Every structure is written in structure tokens, then in C-alpha cells.
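First up is the structure itself, then whatever we jot down about it.
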Amino acid sequence: MFNTKSKTDMQQTTNAGNGTTLISAGTTLKGDISSNGDLRIDGTIIGNIQSSAKIIVGSNGVVEGDISGNQADIVGKVSGNIRAKELLQLRGESVVTGNLYAGKLQVEPSATFNGQCHMGANIVEMNKDEQQTATR
């Protein structure tokens, strides 16, 4: 009655994996997150975040840990290093304490950032490899 999609349509959309995962406001998650799809954080994450897509930290979002993804859009608070292969945006009243590694960086005047900034696609990959070999 409410669902007009056939079962084959639902399976195709489910298997596509292009959905966005949402950590809503009022939610606190402790532990590392790994995702192949987009990730939006409006709650609190205590741990590292790894995604092969876009990571968005909303205005109420708080991340205590490192963020690594293809793109990152930060509006909330992050305490940790951020690695974005492509574009990293620090928007609105965002507060970032940690080092930035980005292919391209966009910072709005109202954003606050304390740390070092390293730009260029080769910098992001090089430092990621160096970090992995140092932890072994």
C-alpha cells in the first residue's frame, strides 16, 4: 500500500551503498568508524573516522579523534588531525585543533583553526604512508 517499489528495485538501491550514514544530535559513539559512503556527524564521536567518501561534521557535531576521507566539510568541533584527499572546508563557527592535510583547503573567516596545514595531494598520501610505517 505504501511501498510502490518492487523487491528488485529495493535490492538495487540497497546494494548501491551510496547512502549517507547519520550520527544524530544527542548520540555519543565511542570507537573507530570506517565507511565507504558519506558520513554526517551531528552527535559526538570519540574515536577515529575513516571514509572513502565525504565526511560532514555538522554545527552540533563533535569529533575527538582523527578524520580521514576523500572530502571533509567541518562546521562543528574537531580535536584531531584531518586528512582530505580532495577538498577540506572549514565553515561557519567551526573549531579545529589539530593538523590539516588536504589537497585543497577552504577556510571561512568565522572558522577557528589551531595546528599545522599541509596542502597538496602528494602530501596527504605521503604523510598517510609515513604514519602507517611508524605505527608498525
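I need the full set of residues from segment 96-111 which are touching a Gly at 6+ places or on another chain (Cβ under 8 Å) and more than 14 Å from Ile56 (Cα to Cα), in order please.
Hits for segment 96-111 are Thr97, Gly98, Asn99, Leu100, Gly103, Glu108, Ser110, Ala111.
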- Item | Odd one out for Lys85, checked against (1) touching a Gly at 6+ places or on another chain (Cβ under 6 Å); (2) over 19 Å from Gln116 (Cα atoms) | (2)
- Task: Collect the residues in segment 95-120 that are touching an Asp or Glu at 6+ places or on another chain (Cβ under 8 Å), part of a loop (DSSP other than H, G, I, E, B), surrounded by 14 or more Cβ atoms within 10 Å (Cβ to Cβ) and not aliphatic (A, V, I, L, M), keeping them in residue-number order.
- Result: Gly98
- Looking at segment 82-105, which of the residues that are among the polar types (S, T, N, Q) and free of Cβ contacts under 8 Å to residues at least 24 places away in the same chain is farthest from Asn122 (Cα to Cα)? Thr97
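Each reported figure results from applying straightforward, stated rules to the coordinates on display, with no laboratory input. Quantities reported herein were computed from a predicted structural model and do not represent experimental measurements. Every residue, glycine among them, receives a Cβ derived from its backbone with ideal geometry; neighbour counts consider all protein chains shown.
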